[in-house]
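The values are calculated or read from the model by the stated rules, or taken from the named source; none is laboratory data. This is a predicted model, so every value here is computed, not measured. In this analysis, Cβ positions are derived from the backbone assuming ideal geometry, glycine residues included, and neighbour counts consider all displayed protein chains.
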Amino acid sequence: MRTSARAFVAGVAGAVVVIGALVVNGAAPPQHVTADAAGVIPPITVTTSVPVDLPYTSQRTPPDPRTVSLQQAAAFAWEEFIALNWAAVPQRGVVGSRGVANRRCAFGDLSSANCSGPTVWETFRGKVEIFPGAGNPPGYPAATPAPSSSGDPYLGWDALPQYNYSTTIPQCGASPAPGSTAVPAWVNLDETDQITLAAMYAGNAPTVHPSPYNSQPQLIRFLAKANRTMYTYIAGNKWWGSGTGSPRPTASTAVYVARNLADPPNGSTSLVSFPAGTVEIKSAWRLLNNTETASHRFHMARARYYETQGQAPCWNEDTFGMVALHIIHKTPSAPYFVYATFEQADNISTADTGLPMETDDGALIPGRQPTCAPGRGPKCPTTPTETLIDGPKSFVPPKRPIVFGVPTPPPATPSPPWCTTNHGKRVYYFEEQKNLPQGGYFCVNARDNAIPPQIIDVNRAAHAAIAQHDNGANDPFRHYKLINVQYVPVDLSSPVPGIYAGNNPNTGENPASFYLANGVVETDRTLQIFSGSLAFNYNSNYLQNFLPPPATPFPAPSPPWYTHKNTAYNHAGYDMGGCMGCHGSQGQSQGGDFSVITARGQVTVPEPPHPNLSNSGRLLLGTAHPRPEFRNRSLVQPH
């Protein structure tokens with residue numbers, strides 16, 4: 001299902017606001033971060049308790065997230081990671097069991113008796129368990145007149161997983177039986193790319209696999225989940241939109257956000273505004289080679305994944321390794337959610353040996369950094385270099401309407417040679433959309449923005465705390481690192497937006513924090529330096545790229561473009577970058593309260609791999625195109 005940007009225009013004193021593309025002129029100016037305890041690393045507690053809010057050292061009332069330092073926010077992120085990756089209590093569908101840690105297990109122990117099941121976050125509900133393609137959410141009570149009369153205050157949350165798409169998905173190779181009667185894997189990898197922009201691969205993964213039902217063994221696959229708080233909010237309002245569910249009030253919520261430059265009150269039953277404590281997860285997984293499997297450096301789990309059988313998707317299950325984990329968390333003082341992203345330590349690797357280019361803490365390892373080719377400049381994060389073009393478009397008055405659907409000049413250009421056959425052990429990706437370069441693969445040589453020393457210091461402290469707790473056990477989580485955390489919106493200042501140039505290393509006002517990106521999730525150039533919005537399948541900071549008349553005012557303003565604002569908070573608009581900016585663009589401004597899961601709604605189909613890429617990872621040139629028949633989400637863009 002493809003959702004079009006809504007061209008509703010609401011009048012606000014001194015502002016022009018466009019719903020679906022939150023564009024604001026003349027609104028309250030964004031505020032800067034003034035951390036109280038910058039440079040201080042707070043103690044990190046290894047506990048089963050997910051922290052409720054950001055740590056505050058000041059006595060301000062109410063707490064102000066702008067007083068929190070980057071180091072404090074990083075410690076908060078690590079305590080989330082630890083609590084959510086604890087072994088969950090045994091799962092038998094009993095009320096009060098999903099999302100609950102087993103306190104009898106030590107952190108990192110996923111093999112002892114009663115500790116060998118899924119982790120806490122793995123028992124969260126997958127997006128299709130919240131917004132099923134057919135029927136009600138699994139376990140939802142058909143009680144009358146109110147769901148709570150069933151005696152289950154969690155509205156079926158604890159039912160064992162079922163993945164109900166719009167049609168029954170058979171097991172690959174199963175004929176004629178539709179599938180297994182066993183409990184499905186808790187890790188349901190029903191996404192194969194990052195919001196339709198790029199498919200990502202790991203050169204360290206096996207090139208072939210014994211299973212005849214894994215066509216692309218090096219493909220990195222994804223899932224999205226959410227916690228009990230989010231599910232009970234959606235289910236309590238019957239907003240899942242199939243079966244006996246009701247449509248989500250996302251359109252009216254988008255109107256509210258655009259008019260007020262703020263979210264509706266938490267817990268609203270008429271507009272989408274999740275209670276504090278709502279957590280969403282996105283995670284990336286891939287097959288491991290034999291050395292990696294034996295290394296104890298990866299968290300591994302049984303995972304369900306999807307392929308194409310005939311003209312329809314089918315499922316298979318195998319053991320995968322976790323390579324990335326996003327955590328977004330709505331807290332009492334951060335209604336825009338706190339965004340933290342973690343990676344397995346070995347993701348960014350050398351091409352020839354596959355050795356990691358960073359330590360487990362995230363510091364660059366001397367001698368393993370890429371050498372840029374002559375003329376490439378000081379940074380060459382990809383091969384070939386991918387150059388984005390993002391400039392203000394000339395003003396188009398109403399008498400010359402913009403015709404959407406007409407291809408625009410490519411927003412990005414490569415500088416060959418392509419990295420199609422020489423990716424080696426590196427992460428590499430393929431741009432799927434037609435407005436992005438498709439002549440071959442891009443290889444990832446390094447991060448666009450290195451992990452800051454302040455984050456590295458907190459990673460080191462977290463690993464030390466974990467080591468003290470697990471007494472040297474083969475705990476894979478000591479080999480995961482925080483890449484960065486966003487905990488307050490930051491504006492890409494006008495009048496002419498460009499590359500963010502803040503330089504405060506102890507707050508979120510620096511490029512690495514502003515452009516928060518995971519090396520195996522937001523791999524392509526569009527997402528590595530995301531800000532503004534996705535228009536014609538790439539990011540832009542300018543209104544004229546996507547705003548159709550008559551919403552554009554006439555005569556033209558001076559200068560003749562508007563700064564795109566993707567995030568609203570406290571009656572101000574922000575052109576935010578990275579994860580928060582993307583969730584603002586694809587979640588909040590679409591009426592989903594920063595939840596892309598909610599903005600998209602029903603999950604009708606899982607996503608098999610791109611059909612035009614061969615199982616050896618080599619590109620079948622000239623045949624790439626999107627897969628609308630298998631899309632379970634898409635970019636929000638005009639048509």
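Looking only at region 345-355, decide whether some residue is among the small types (Gly, Ala, Ser), under 23 Å from Pro184 (Cβ atoms) and either surrounded by fewer than 19 Cβ atoms within 10 Å (Cβ to Cβ) or within 24 Å of the chain's Cα centre (by Cα) (or both).
No; the residues of region 345-355 include none that is among the small types (Gly, Ala, Ser), under 23 Å from Pro184 (Cβ atoms) and either surrounded by fewer than 19 Cβ atoms within 10 Å (Cβ to Cβ) or within 24 Å of the chain's Cα centre (by Cα) (or both).
Please state which of the following conditions Gly424 fails to meet, knowing it meets all the rest: (1) in a loop (DSSP other than H, G, I, E, B); (2) modelled with pLDDT under 90.
(2)
Determine, yes or no, whether Val396 is farther than 23 Å from Glu522 by Cα, modelled with pLDDT under 60 and exposed (fewer than 14 other Cβ atoms within 10 Å of the Cβ).
No.
When region 204-225 is examined, which residues are found to be buried (at least 22 other Cβ atoms within 10 Å of the Cβ) and in a loop (DSSP other than H, G, I, E, B)?
Matches in region 204-225: Asn204, Ala205, Gln216, Gln218, Ile220.
I'd like the full set of residues that are part of a helix (DSSP H, G or I) and surrounded by fewer than 22 Cβ atoms within 10 Å (Cβ to Cβ), limited to region 82-109.
Passing the criteria: only Ala83.
Restricting the search to region 121-141, which residues are in contact (Cβ under 8 Å) with a residue 60 or more places away in the chain and assigned to a loop (DSSP other than H, G, I, E, B)?
Answer for region 121-141, where residues must be in contact (Cβ under 8 Å) with a residue 60 or more places away in the chain and assigned to a loop (DSSP other than H, G, I, E, B): Phe124, Phe131, Pro132, Gly133, Ala134, Gly135, Asn136, Pro137, Tyr140.
How many of the residues in region 427-461 are out of contact with any His (no Cβ under 7 Å at 6 or more places or on another chain) and either assigned to a loop (DSSP other than H, G, I, E, B) or hydroxyl-bearing (Ser, Thr, Tyr) (or both)?
Summing the residues that are out of contact with any His (no Cβ under 7 Å at 6 or more places or on another chain) and either assigned to a loop (DSSP other than H, G, I, E, B) or hydroxyl-bearing (Ser, Thr, Tyr) (or both) in region 427-461 gives 18.
It is to be established whether one or more residues within region 167-180 are in contact with a Lys or Arg (Cβ under 9 Å, 6 or more places away or on another chain) and either at pLDDT 95 or above or not in a loop (DSSP other than H, G, I, E, B) (or both).
no
Pairs under 9 Å by beta carbon, first residue over 18 Å from Cys372 (Cα atoms) and touching a residue at least 60 places away in the same chain (Cβ under 8 Å) in region 341-355, partner assigned to a loop (DSSP other than H, G, I, E, B) and among the aromatic types (Phe, Trp, Tyr), six or more apart or different chains?
Hits for this filter: Gln344/Phe298; Asp346/Phe298.
Scan region 359-368 residue by residue and report those that are more than 20 Å from Cys579 (Cβ to Cβ) and touching a strand residue (DSSP E or B) at 6+ places or on another chain (Cβ under 8 Å).
Within region 359-368, Asp360, Asp361, Leu364, Ile365, Arg368 qualify.
If the Cβ limit is 7 Å and pairs must be 6+ apart or interchain, which residue in region 440-459 that is over 30 Å from Pro416 (Cα atoms) pairs with which residue that is in a loop (DSSP other than H, G, I, E, B) and among the polar types (S, T, N, Q)?
These pairs meet every condition: Pro452/Asn510; Gln454/Asn506.
Do any strands (runs of 3 or more DSSP E) entirely within region 261-332 hold 1 or more residues that are surrounded by fewer than 19 Cβ atoms within 10 Å (Cβ to Cβ) and either modelled with pLDDT under 95 or touching a helix residue (DSSP H, G or I) at 6+ places or on another chain (Cβ under 6 Å) (or both), and if so, which?
300-309, 312-331
State whether one or more residues within region 226-233 are part of a loop (DSSP other than H, G, I, E, B), in contact with a strand residue (DSSP E or B) (Cβ under 6 Å, 6 or more places away or on another chain) and surrounded by 15 or more Cβ atoms within 10 Å (Cβ to Cβ).
There is at least one residue in region 226-233 that is part of a loop (DSSP other than H, G, I, E, B), in contact with a strand residue (DSSP E or B) (Cβ under 6 Å, 6 or more places away or on another chain) and surrounded by 15 or more Cβ atoms within 10 Å (Cβ to Cβ).
Please enumerate the residues belonging to region 333-343 that are in contact with a Pro (Cβ under 8 Å, 6 or more places away or on another chain) and either surrounded by 24 or more Cβ atoms within 10 Å (Cβ to Cβ) or not polar (S, T, N, Q) (or both).
Ala334, Tyr336
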